[in-house]
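The values are calculated or read from the model by the stated rules, or taken from the named source; none is laboratory data. Nothing here was measured: the structure is a model prediction, and the numbers come from that model. As a convention, Cβ positions derive from the backbone with ideal geometry for all residues, glycine included, and neighbour counts pool all protein chains shown.
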Amino acid sequence: MAETTLDAVAEQLAESLDNYIVGALEAIGALDLAAMTRDRIAQTSPHLAAQLCSEDDDIAAQTVIDLAGVAWPDDPEPSWWRTPVGRAVGRSVGADLADAVSHSVAAAMLGIAPGTVSTMMARGCDLDRHPDGGITKASVIARIARLG
């Protein structure tokens, strides 16, 4: 990935980790630990970004696993998949995702109108219909990765 992409991933990771970890420490009054943790996050986030964007699928996947509960503990909003970290995570886990999403969720993830998703499906463009209905999340994430 390009250097600017790595920088954007590192910045977003640092912000997410700061929000969840440092925010929790500040909430309980551990301001000294919060300051030390913020410094450590600033030092560590470029390394984590490099791992997340690694061409080695095992390293990238393990980094997603390591960060999943800490950097983004809740299911991300569909628009998150268009962020630098969302695209990197999607590249790493996209092939393993088999869950279906609705046309409206796919549209939100792609940043397009739901009608455009329907048109793309009708034309057979890049999005796979899930056997149980909807669209496979893997095909949506794969399209995001190709466009990003």
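Here are a few things to note about the model shown:
- Filter pass, ALA68 being within 28 Å of GLY133 (Cα to Cα), within 14 Å of the chain's Cα centre (by Cα) and surrounded by fewer than 17 Cβ atoms within 10 Å (Cβ to Cβ): yes
- Matching option when the condition is part of a helix (DSSP H, G or I), more than 17 Å from ALA8 (Cβ to Cβ) and not assigned by TED's automatic domain parsing to the domain that holds LEU17, among ILE141, ILE112, ILE65: ILE141
- Candidate set from region 98-148 (those that are in contact with an Asp or Glu (Cβ under 8 Å, 6 or more places away or on another chain) and either of a type in the set (Val, Ile, Thr) or under 16 Å from PRO76 (Cβ atoms) (or both)); member that is modelled with the highest pLDDT: ILE135
- Candidate set: region 120-148, residues that are touching a residue at least 24 places away in the same chain (Cβ under 8 Å) and among the basic types (Lys, Arg); chosen: the one nearest to ARG91 (Cα to Cα): ARG143
- Test for ASP99: is it in contact with a helix residue (DSSP H, G or I) (Cβ under 6 Å, 6 or more places away or on another chain), exposed (fewer than 13 other Cβ atoms within 10 Å of the Cβ) and within 30 Å of ASP126 (Cβ to Cβ): yes
- Candidates are the residues of region 7-62 that are touching a helix residue (DSSP H, G or I) at 6+ places or on another chain (Cβ under 8 Å) and not in a helix (DSSP H, G or I); the one that is nearest to TRP81 (Cα to Cα) is CYS53.
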